[in-house]
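The values are calculated or read from the model by the stated rules, or taken from the named source; none is laboratory data. Being a predicted model, the structure only gives us computed values, none of them experimental. All Cβ positions, glycine included, derive from the backbone under ideal geometry; neighbour counts span all protein chains shown.
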Amino acid sequence: MNYNQFNHIKPLDKAVWDKVNLNYIAKAIVELMHERLAEPEITGTDPSGLTHFSLATDHQHIYYTFSASYRALDYWHIAKDTLKKYIEGTAVPVDNAPAFFTETQQTFGVKSFTLAHFVEETLNTLYADAYIHEKGRLTADQLADADYQTIEHQMDGHPWATINKGRIGFNHTDQGKYAPEAGQSTQLAWLAVHRKRAAFNSLKSMNAAAFYIQELGTEQLDEFNEILKDKNLNPEDYLFIPVHEWQWNNKIVLNLAHDLANQYIVPLALGYDKYMCQQSIRTFFNTSNPRKHYVKTAISILNTSIYRGLSPKKLTIAPRVTQWAKDMLEGDTYLKETGVVLLGEVATAAYTHPQYSAIPQSPYQYQEFLGVIWRESAENYLQPGEKIMTMASLLYVDDKGKSLVGAMIEKSGISAAAWLDAYLKAYLKPILRIFYQHAFFFSPHGENTILVMKDYIPQRIIIKDFVEEIVLTEESKAKLPEDLVNVLREIDDELAPLFILSGIFDAVFRYLSNIFHSYAGLDETVFWKSVADTILAFQTENPELSSKYEKFDLFVPEFTRVCINRVRLLTHGYSESTDVPVPEMIGTLINPVALAIRDLEEVI
């Protein structure tokens with residue numbers, strides 16, 4: 001060990017650590033109240049609209065108090081300066097998030113085995129949060145003028161999941177090298193993988209040889225081929241797959257040792273191009289040539305409930321699904337007019353482990369050690385004067401309490417209401433069209449959606465990572481090409497509207513409406529009325545779909561409450577499974593769009 005290694009404790013400054021622990025506990029209380037796990041007692045209200053709470057723990061002498069403002073969809077905006085912890089009647093600092101969960105273990109009903117793992121993920125998340133704050137967060141005004149990658153590296157993570165940067169498998173050194181907030185440039189290592197173990201798939205219009213020339217260049221390809229020839233191997237027998245450094249060190253060398261020893265896998269060299277990781281941590285942006293493909297690799301860390309490998313089954317079909325989706329888009333005049341772009345996963349290479357794949361019902365992560373997706377770059381779809389930013393950034397509030405949304409509204413010169421209308425037109429209308437006209441859905445949450453901006457105003461959206469997320473209704477499955485039948489997921493029609501009601505209203509607009517209300521001066525009732533108006537405008541523009549508006553009604557009074565934190569704490573825990581965990585459904589939520597329509601009808 002040398003002294004420089006101690007630099008990794010820089011984020012553990014007491015003031016920073018206290019701040020991120022307070023933020024974490026506040027977020028945990030909000031989300032666990034939303035999921036009906038935390039049920040604090042109301043102790044009073046005041047004329048300002050604040051409700052005062054007391055949250056009991058497993059111990060009579062320890063409790064928490066706080067004040068919060070109610071928002072739609074059972075969301076509480078906590079005034080963090082009111083959050084207090086009491087021990088034996090004396091207020092103590094709210095600075096220990098792991099203790100919050102051990103103190104409430106019985107209250108929440110969490111098993112000890114689960115809680116120990118959860119505390120580990122909590123500590124990892126807190127370290128990452130401290131890293132972000134110690135490094136320094138940009139102001140909202142700075143972020144409004146930042147480039148795509150700078151914005152990516154300023155994000156705080158999933159707004160709904162409490163342990164949104166758990167990253168089990170990373171150590172503190174990895175955090176400083178590989179996490180998006182570290183903002184480090186890297187080169188990808190390339191492996192040659194024998195065709196007996198791996199398969200290359202791409203759009204029909206693409207040729208593997210030409211693709212590799214485009215990605216690597218002839219000079220690097222010649223270098224790779226010479227390495228193989230020097231080992232008396234035939235380059236024609238191999239595919240080239242880039243690999244993340246962490247994955248090589250922690251998984252591939254040991255778990256694929258047999259294939260390395262027998263030269264089914266051959267290490268080559270670092271690629272010439274430099275990359276920076278995006279929010280999703282395993283997807284890389286080419287900084288040497290931003291118009292080249294994004295590269296998604298496997299990193300078998302446990303993060304936000306699942307291991308982040310790459311499934312050979314899904315890699316095999318990704319280009320075919322991309323082609324199907326793009327053909328659909330190409331034939332839809334309304335969608336084309338919205339300017340929406342589906343970023344295609346145009347090529348993949350998938351490795352199948354000969355032993356793990358032969359074990360029936362083995363945990364999914366053992367199938368996903370090595371693979372790659374090449375996804376189109378959004379840079380290729382920009383017009384003059386346009387820039388891109390992750391939609392997740394709309395939830396950003398800087399250290400002085402100014403929101404990025406507020407900063408962009410100021411810079412745009414238009415009103416908050418007009419800015420919101422532009423956003424909803426750009427984001428919501430194409431998603432409604434895909435759902436109602438083409439009868440399938442995916443998860444266009446903040447991290448998966450890229451906003452195309454001009455003069456600080458949303459123009460249209462670019463959707464990435466849609467291939468793996470696609471879910472079909474009964475109608476779309478009936479129209480599916482034969483080679484995709486029984487490959488994509490299907491959902492009962494009665495549950496289909498949840499992909500908008502929960503996937504957008506609850507998972508995106510619940511937070512964004514609070515940003516507008518709390519930081520941008522636009523009342524949440526106006527926000528939800530704008531959402532309702534956008535849906536009604538879409539329906540007017542697409543009258544031929546009227547029967548589906550009744551079947552998949554977005555104005556239902558209530559809809560099912562979907563929970564993700566309960567799954568981690570109560571349902572799935574940390575048990576191994578053959579598939580990824582699924583959300584839990586508990587009770588219902590009052591639909592704010594239905595309330596907006598009711599209020600409008602009462603006025604009329």
Practice prompt. Of all residues in the stretch 385-401, count the ones that are farther than 23 Å from Gly503 by Cα and either hydrophobic (A, V, I, L, M, F, W, C) or surrounded by 18 or more Cβ atoms within 10 Å (Cβ to Cβ) (or both).
Written response: 1
Worksheet item: Restricting the search to the stretch 118-149, which residues are within 17 Å of the chain's Cα centre (by Cα) and among the polar types (S, T, N, Q)?
Response: Thr125, Gln149
Practice prompt. Go through the stretch 539-559 residue by residue and tally those that are among the acidic types (Asp, Glu) and over 14 Å from Asp493 (Cβ atoms).
Written response: 3
Practice prompt. Kindly list, by first and then second residue, each pair from a residue in the stretch 579-597 that is assigned by TED's automatic domain parsing to the domain that holds Tyr549 and farther than 21 Å from Ile306 by Cα to a residue that is among the aliphatic types (A, V, I, L, M) and surrounded by fewer than 18 Cβ atoms within 10 Å (Cβ to Cβ), limited to pairs with Cβ atoms under 8 Å and residues at least 6 apart or on different chains.
Written response: Asn591/Val556; Ala594/Val556
Worksheet entry | Within the stretch 276-324, considering residues that are crowded, with 22+ Cβ neighbours inside 10 Å and aromatic (Phe, Trp, Tyr), the one farthest from Asn565 (Cα to Cα) | Tyr294
Fill in: Within the stretch 257-275, considering residues that are out of contact with any Lys or Arg (no Cβ under 9 Å at 6 or more places or on another chain), among the hydrophobic types (A, V, I, L, M, F, W, C) and over 30 Å from Ile450 (Cβ atoms), the one surrounded by the most Cβ atoms within 10 Å (Cβ to Cβ)
Leu268
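Evaluate the following for Ser305: is it closer than 28 Å to Ala161 by Cα, at pLDDT below 95 and among the hydroxyl-bearing types (Ser, Thr, Tyr)?
Spelling it out, Ser305 is indeed closer than 28 Å to Ala161 by Cα, at pLDDT below 95 and among the hydroxyl-bearing types (Ser, Thr, Tyr).
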Response to the item:
Exactly one of Glu544, Glu524 is without any contact (Cβ under 8 Å) to a residue 60 or more places away in the chain and either more than 30 Å from Ser112 (Cβ to Cβ) or within 27 Å of the chain's Cα centre (by Cα) (or both), and that one is Glu544
Worksheet item: Looking at Thr139, Thr107, which is the one that is touching a residue at least 24 places away in the same chain (Cβ under 8 Å), surrounded by fewer than 20 Cβ atoms within 10 Å (Cβ to Cβ), farther than 19 Å from His61 by Cβ and hydroxyl-bearing (Ser, Thr, Tyr)?
Response: Thr139
Worksheet item: What tally of residues in the stretch 344-391 results from selecting those that are assigned to a loop (DSSP other than H, G, I, E, B), within 13 Å of Gly309 (Cβ to Cβ), of a type outside the set (Phe, Trp, Tyr) and under 23 Å from the mean Cα position of the chain (by Cα)?
Response: 3
Fill in: Odd one out for Phe53, checked against (1) surrounded by 21 or more Cβ atoms within 10 Å (Cβ to Cβ); (2) within 18 Å of Leu512 (Cα to Cα); (3) of a type outside the set (A, V, I, L, M)
(2)
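With the structure loaded, tell me whether Leu484 is in contact with a strand residue (DSSP E or B) (Cβ under 6 Å, 6 or more places away or on another chain) and more than 16 Å from Thr338 (Cα to Cα) or whether it fails that test.
No.
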Worksheet item: Mind checking which residues of the stretch 521-573 are in a strand (DSSP E or B) and of a type in the set (S, T, N, Q)?
Response: Thr560
Discussion item. One residue is enough: does the stretch 407-414 have a residue meeting the conditions in a loop (DSSP other than H, G, I, E, B), free of Cβ contacts under 8 Å to residues at least 60 places away in the same chain, surrounded by fewer than 23 Cβ atoms within 10 Å (Cβ to Cβ) and not hydroxyl-bearing (Ser, Thr, Tyr)?
Written reply: yes
